[in-house]
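Notes to accompany the following structure.
The values are calculated or read from the model by the stated rules, or taken from the named source; none is laboratory data. Not measured: the values here are computed from a predicted model. Ideal geometry is used to build each Cβ from the backbone, glycine not excepted, and the neighbour counts take in all protein chains shown. In case anyone asks, the SASA skips ligands and DNA or RNA and just uses the protein heavy atoms, side chains included. Shrake-Rupley method; radii C 1.70, N 1.55, O 1.52, S 1.80 Å.
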Amino acid sequence: MIKRIDRTSTTSWSPATEKEPLLALGSVAGALDASFSSKAELEIYSLNLNSTDKNLLKVHSITSNSRFNRIAWGATHLACGKENGELDIWETKSLLKKTDKPFYSTKLSGPVRGLDFNPITTNLLASGALDGEIFIWDLNQVNSPYEPGARSQRLEDVTALAWNKQVSYILASGSSNGYSVIWDLRNRKELIKINNPNGRKPITAISWNPDIPTQLLTCSDDDANPVILMWDLRNASAPEKTLSGHSKGVLSMDWCPKDSELLLSCGKDNRTIVWDTLRGVPIGDLVHSSNWSFDTKWCPRNPDLCVVASYDGRVSVHSIQGASNHPEEDIFSPPPPVHQDIDPTDPFAQIGMVPTNSNQRVQQPIFTLPHPPKWLRKSIGAVWGFGGKLAIFDSAHGSRVSIKSIPINEEFVFRTSQLEYILQSANPEITSQYCDYMKDSEFVKSEKDKDIWKFMKTLFAANSADLIRDFIGFDGSFEKDVRLSAILEKLNMNNSQENQEAETPAKEPFSIFSGKQTEEADIDKIITKAIIVGDYEMAVNVCVATNRMADAFMLSYYGGPELVEKVQLEYFKKNSKVRSYSRLLENIYHGDLTDVVEHAKLDGNDSWKDLLALVCTYAKPEEYAHYYSTLGNRMVVSSGGDRKHVAALCYLGAGEMEKVVSLWCQGQPNKRTVIPGDNIELLNLIEKISIFSQAISYHDQDLVLQDPQDNYALSDLYDLFIDYAYAAATQNKIDAAFRFLEQVPPHYIPSKPLPDVGILRDRVYTAFNYKQAVNGQPPVFPFERVNVFDGEKLRRENEAAEKARSAVSNQYQSFQANNSAPQNSWNNQSYGEQSRFPQYNQYQGTTYNQYSGSTQYPPVGSSYGQPPIGNPYNVSPAPPPINSYNQPPAPGYGTTPPISNPYTAQAPSFTPGPPSVTAANQWIPPPATSYNSAPPVTAASRVNSTGHAPPIAEAHYEPPTFVAPNANQNFNYPLPRQDSIVSQPPPPIEPKLCN
């Protein structure tokens, strides 16, 4: 309970347009409190929810000359129907300003018990009084009311009025004689009449469905049938649904305006019930009172609140969600005390101080809703599904769920689509253009990434060495070095002067042998003599020995290739440690750059470019990978600058996938992004790895291994693929996700907190329309298969059941064809004194017909001889029907003797008829009445090997109490136990027909 006030009043809530819910109370007609006060008041109360006080806060009160039957609060006015026939209409604003003069007042033919404002056309008010008097009041022309049509002959005193919640010109009226009439104000006529099927009982309330304009509820104060009837005006001949839950007459009800599945009702059983109108069942009791509850309404402003008024002198406000400001009173609610000041000297006044139920405490129910009401349910919602699917529901458009593919990151989707197109094309020219696009793209912001895309473009060209030299900027010019350029300029100038002087060489005499007597002159003589005699080897040896390497090279040219090679080796031996270019020239001469690549110092940031250019110039294409890898290894272990970035470039040229992935993954965070597809760094890495893999035509050997491995060389790459596949799948790029999951070994277990690769592979595989994997086999199902349904077993059982049904049908058709008997074909025919089922025959040799002696029948309980229903052959006397108390008729009127009768009781006669057969020629067993039914047939005995048992459904059978003939004592005759019934009865006996 939220709030309360001790009043015996009819109620009405303020409209939903009011900022704060207000409650109008009017002293109800026909009731007194314990003090017998005749005072009548119209009161306005505020809920005052911010206060801990349990009582409502009075806003205004007006003394009235008569008590109230109905109060209706519209959008701008408040209407009161009084017991004396007066109709008062108050303007809400004036009333809240505590005015005492109504906006309009008039007197009708009698007590006004029907009153309702139109919820759509808010200026219309309907009132109802005696003899079917109904007026429609236009508040804009209040002096000119009109009737909805010709006065109905079906209506007597109007007890209830209700406007349709969807159609503004439809009005429902209820009468004291049980009739309800629906009016069409547009055509000013009576539209349809509804008759209370329970008789002429006053209609106490009418309520329209707020969502369905053709559905309404009626109720009456009939204690014999305390039900609420739900009508569908499309077929008003009978109620669509009956809501049973009250034990006495229903006095008031209200359909929740915000949730048509909820209904409030209260009545003479002191209960206020909340109903589920869809199922037509009570959800639970909201509140109990110590006297009749006569009025209940939902709050339009806050549908969680409702008000209940009862004749125990209390008006209480409740929450249907169980919220309460006073939980102690929700358990045991005492009756309200008498509020009037009592004169202690007045002996008659003392009587009113202690009502008869003053010590009574009503235990209150604990009410909970099984599901949230509509106003708390999500009117619209969405949930993400696998594959970037978004499931959206919108209750405003009915029970419809739409599934859309909505990308979370448009950049991710666009770049993934581009990459997928490049990978599918596998065209080097297109891929090279893609590298050009990426190096200048706005997606690539890092200079290092731009270098990588430039370098990868060289991998798709035939002249990759030239492009790599261009990439590193090594073109052989010295323009960038000012000092070297100056030296070159000077040397070129000297050379030009010497060349000009050489154009006119002097022809002067000379001596072949020097006349000097020095060591140098002697060496010259030796060399000269060797040249004269053609001994170039001697001349070369002397030159080499005297370190005249230039002369040695010139002389070796005339001595042949071997001599030239000898001079070159001697040159390298003497000068490789003196001049760096000599050592470089030695490596070039031998065609092996390993010494230079492994031992050349990496002094500056660009020294690696010199080595890379040297390799591109002198190495063979098949040697590139070795030298690039060697240089990359040196860059990894060296320090300073961007050596790892350079190493990655070298590994790219070498085609070292494992080393490239290892270097690139070092900069990746271990923590995955919260939103899949939002990791652009992951996408950048996948793009580079994918293009690189295509450039070198990489094939992972671990993919073909059948057994799991302890260590995978590309474990970091597999983690990237799994993470990217999950991100791509969430963006509805299922094809891309499947492609990269195919590049993960089947038995690989991620080393990072990633989605289970087996489950992800299975989901992607299933979502990709069951595409075959690379190896021609679908991925391994990630769960243990459990056979929860044996289809083969069910098929066998169905076939057996079908054969049994066919056998029963064929047998009965044969019986029907061969035994077309005249009327009363069972008369004067005996089956003998002994039944084939002795456990059912307790009469030991006597026939079953001990009274009439003319009609006998097969044993009760046999699977083939059940007596038919009814008396179609006019046997006299016909057995009377079983009465509503399930007692057998008097002996001699066609009743069957009880089964297993331990007493010697003579059985009355029974007149069977032909068996009943449906259109499908199947047996229909007779109803399980007290004495004309066979023992129940279990599932085990339903279909036997002979195929003669009809398909009878299992049912629990309670044995009746039988009054034995000639006895004044009741006895219970139990049926045989279920396990005593034979599972395979003997073949049926061919019935003998009478003449």
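Key figures
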read-out: Count of residues meeting criterion [open to solvent by less than 10 Å² (accessible area, probe 1.4 Å) and assigned to a loop (DSSP other than H, G, I, E, B)] in segment 178-188; value: 1
read-out: Number of the condition not met by ILE691 [criteria: (1) assigned to a helix (DSSP H, G or I); (2) surrounded by fewer than 23 Cβ atoms within 10 Å (Cβ to Cβ)]; value: (2)
read-out: Selection within segment 106-138 - over 20 Å from ALA205 (Cα atoms), over 49 Å from the mean Cα position of the chain (by Cα) and either of a type in the set (Val, Ile, Thr) or open to solvent by less than 20 Å² (accessible area, probe 1.4 Å) (or both); value: THR106, TRP137
read-out: Selection count, segment 741-757, where residues are hydrophobic (A, V, I, L, M, F, W, C) and within 29 Å of the chain's Cα centre (by Cα); value: 3
read-out: Filter result for PRO753 (in a loop (DSSP other than H, G, I, E, B), of a type outside the set (D, E, K, R) and either surrounded by 11 or more Cβ atoms within 10 Å (Cβ to Cβ) or at pLDDT 80 or above (or both)); value: no
read-out: Residue that is nearest to the chain's Cα centre (by Cα) [pool: residues in segment 402-428 that are modelled with pLDDT of 85 or more and small (Gly, Ala, Ser)]; value: SER402
read-out: Among (1) in contact with a helix residue (DSSP H, G or I) (Cβ under 7 Å, 6 or more places away or on another chain); (2) surrounded by fewer than 23 Cβ atoms within 10 Å (Cβ to Cβ) - the single one PRO145 does not satisfy; value: (1)
read-out: Yes/no for SER168 being assigned to a loop (DSSP other than H, G, I, E, B) and open to solvent by less than 20 Å² (accessible area, probe 1.4 Å); value: no
read-out: Any chance LYS93 is in a loop (DSSP other than H, G, I, E, B) and open to solvent by 20 Å² or more (accessible area, probe 1.4 Å); value: no
read-out: Residues that are under 21 Å from PHE692 (Cα atoms) and either of a type in the set (D, E, K, R) or open to solvent by 60 Å² or more (accessible area, probe 1.4 Å) (or both), drawn from segment 610-632; value: PRO621, GLU622, GLU623, HIS626
read-out: Test: residue in segment 211-220 that is of a type in the set (D, E, K, R), open to solvent by 20 Å² or more (accessible area, probe 1.4 Å) and closer than 22 Å to LEU155 by Cβ; value: no
read-out: First in segment 777-804 and within 24 Å of ILE749 (Cβ to Cβ) and open to solvent by less than 100 Å² (accessible area, probe 1.4 Å), second anywhere and part of a loop (DSSP other than H, G, I, E, B) and aliphatic (A, V, I, L, M), Cβ under 9 Å, 6 or more apart; value: PRO779/ALA773
read-out: Segment 1-21: number of residues that are over 17 Å from SER319 (Cβ atoms) and either β-branched (Val, Ile, Thr) or in contact (Cβ under 8 Å) with a residue 40 or more places away in the chain (or both); value: 11
read-out: Boolean, SER511 is at pLDDT below 80 and out of contact with any Lys or Arg (no Cβ under 7 Å at 6 or more places or on another chain); value: yes
read-out: Residues that are touching a residue at least 12 places away in the same chain (Cβ under 8 Å), under 23 Å from SER582 (Cα atoms), open to solvent by 50 Å² or more (accessible area, probe 1.4 Å) and hydrophobic (A, V, I, L, M, F, W, C), drawn from segment 529-564; value: PHE553
read-out: Residue check, SER66 surrounded by fewer than 16 Cβ atoms within 10 Å (Cβ to Cβ) and over 19 Å from SER14 (Cα atoms); value: no
read-out: Residues within segment 197-210 that are outside any strand (DSSP E or B) and open to solvent by less than 10 Å² (accessible area, probe 1.4 Å), tallied; value: 1
read-out: Qualifying residue in segment 275-291 (condition: touching a residue at least 12 places away in the same chain (Cβ under 8 Å), open to solvent by less than 10 Å² (accessible area, probe 1.4 Å) and over 30 Å from the mean Cα position of the chain (by Cα)); value: no
read-out: Residue in segment 177-195 that is at positive phi and out of contact with any helix residue (DSSP H, G or I) (no Cβ under 6 Å at 6 or more places or on another chain) present; value: yes
read-out: Test for LEU124: is it more than 30 Å from THR242 (Cβ to Cβ), of a type in the set (A, V, I, L, M), at pLDDT 95 or above and touching a strand residue (DSSP E or B) at 6+ places or on another chain (Cβ under 7 Å); value: yes
read-out: Scope segment 102-122; condition in contact with an Asp or Glu (Cβ under 6 Å, 6 or more places away or on another chain) and not small (Gly, Ala, Ser); matching residues; value: PRO102, PHE103, LYS107, PRO111
read-out: Count of segment 12-29 residues which are assigned to a loop (DSSP other than H, G, I, E, B) and open to solvent by less than 10 Å² (accessible area, probe 1.4 Å); value: 1
read-out: Number of the exception - LEU264 against (1) open to solvent by less than 10 Å² (accessible area, probe 1.4 Å); (2) in contact (Cβ under 8 Å) with a residue 60 or more places away in the chain; value: (2)
read-out: Residue count, segment 394-451 (criterion: open to solvent by 70 Å² or more (accessible area, probe 1.4 Å), of a type in the set (D, E, K, R) and in contact (Cβ under 8 Å) with a residue 60 or more places away in the chain); value: 1
read-out: Lone unmet requirement of (1) closer than 19 Å to ASP211 by Cβ; (2) modelled with pLDDT under 95; (3) open to solvent by less than 20 Å² (accessible area, probe 1.4 Å) for GLY352; value: (1)
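Okay, residues lined up against (1) open to solvent by 20 Å² or more (accessible area, probe 1.4 Å); (2) closer than 28 Å to VAL287 by Cα; (3) touching a Gly at 6+ places or on another chain (Cβ under 8 Å); (4) part of a strand (DSSP E or B):
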{"site": "ARG7", "(1), (2), (3), (4)": "yes, yes, yes, no"}
{"site": "THR10", "(1), (2), (3), (4)": "no, yes, yes, yes"}
{"site": "ALA31", "(1), (2), (3), (4)": "no, yes, no, no"}
{"site": "VAL59", "(1), (2), (3), (4)": "yes, yes, no, yes"}
{"site": "ILE62", "(1), (2), (3), (4)": "no, no, no, yes"}
{"site": "PRO102", "(1), (2), (3), (4)": "yes, no, no, no"}
